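Q: Here you go, one structure.
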Amino acid sequence: MTTSIAIYLFPNAEVLDFAGPYEVFTTASRVFTRQSSTLPEPFTVFTVAREAGTVKARAGLVVQPDYCFANHPPIDVLLIAGGVVTAELDTPEVIAWVAATSAKAALTASVCTGAFLLAEAGLLDGRTATTRWEDIADLKAGYPMVNIVADQRWVDEGSVVTSAGISAGIDMSLHLVERLAGRELALLTARQMDFDWTEC
């Protein structure tokens, strides 16, 4: 069975926050298909934005999302990138979409400050979570119902997984490959990417 991974993009999203996980899941499928060409690929990955059209990510990188809120296909895993999330937090449509989509998805994950969107949607209440080191204090102050931890690359709370900043999203995504498709594929994916996977 193929798991659909949707990555939410928005203006000023941190590039590696979405490009890193995108690379992990697409590489995992490529490695898997090379070894098992008759079986369905484990992951299909697409990007989603609030509206149709391009998105200007952090440092001015222009990205063309695959879908928008109105037309994306079913989502098994929702991944929220981080970056400058202030405008997203102030947009009720975004928070409502995150909450509604997460309720239907098997798993929701965030990279870096994407955790703020999960917290605003109420997905982290009563859970343990993390975010980028520089934003730990703000997440604690803004969302006292969440147990925020520092010095962890990711925190797996079952249906919700959060990671620390930027490159930690790659580590978390490899962890999700292991969870969803097996440890061997995760190790082969890290090797294919020439990436030194930090597993905790």
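Q: Using alpha carbons only, how many degrees (0 to 90, rounded to 10) separate the axis of helix 15-35 from the longest principal axis of the chain?
A: 20 degrees
Q: Hey, another quick one. Roughly what % of DSSP beta bridges within the chain run antiparallel, to the nearest 5?
A: Antiparallel bridges make up about 20 percent of those DSSP assigns within the chain.
Q: Same structure, new question: Hey, can you grab everything whose amide H is under 5 Å from the amide H of T44? Only 5+ residues off in sequence or another chain; H modelled, so Pro and N-termini drop out.
A: Those qualifying (amide H under 5 Å, at least 5 residues apart or on another chain) are T3, S4, I5.
Q: Give me the net charge for the shell around T108: Cβ to Cβ below 14 angstrom, other residues only, Lys and Arg +1, Asp and Glu -1.
A: -2
Q: Give me the angle, in degrees from 0 to 90, between the Cα long axis of helix 183-192 and the longest principal axis of the Cα atoms of the chain, rounded to the nearest 10.
A: 90 degrees
Q: While we're on this one: Once phi is turned into θ = phi - 60°, what whole-Hz ³J(HN,Hα) does the Karplus curve with 6.51, -1.76 and 1.60 give for every residue of region 65-78, x standing for Gly and Pro?
A: Once rounded to whole Hz, the list reads x, 6, 9, 10, 4, 7, 9, 6, x, x, 10, 8, 10, 9.
Q: While we're here: Read phi for every residue in region 135-145 and hand back ³J(HN,Hα) as whole Hz from Karplus 6.51 cos²θ - 1.76 cosθ + 1.60, θ = phi - 60°, with x for Gly and Pro.
A: Going residue by residue, I get 10, 4, 4, 5, 5, 4, 5, x, 9, x, 7 Hz, with x marking Gly and Pro.
Q: Let me ask something else. Check V160: other-chain or 5+ apart residues with amide H under 5 Å from its amide H, H built from backbone geometry?
A: Distant-sequence amide H within range of V160: T108.
Q: On to the next question. Give the dimensionless ratio obtained when the Cα radius of gyration of the chain is divided by 2.2 N^0.38 Å.
A: Rounded to two decimals, the normalised Rg is 0.95.
Q: Something else about it: Taking the mean number of other Cβ atoms within 10 Å as a proxy for protection, how do you rank 13-19, 121-127, 138-144 from highest to lowest?
A: 13-19, 121-127, 138-144
Every number in this text was worked out from the coordinates using simple rules, so none of it is lab data. Since the structure is predicted, the reported quantities are computational estimates derived from the model, not experimental observations. All Cβ positions, glycine included, derive from the backbone under ideal geometry; neighbour counts span all protein chains shown.
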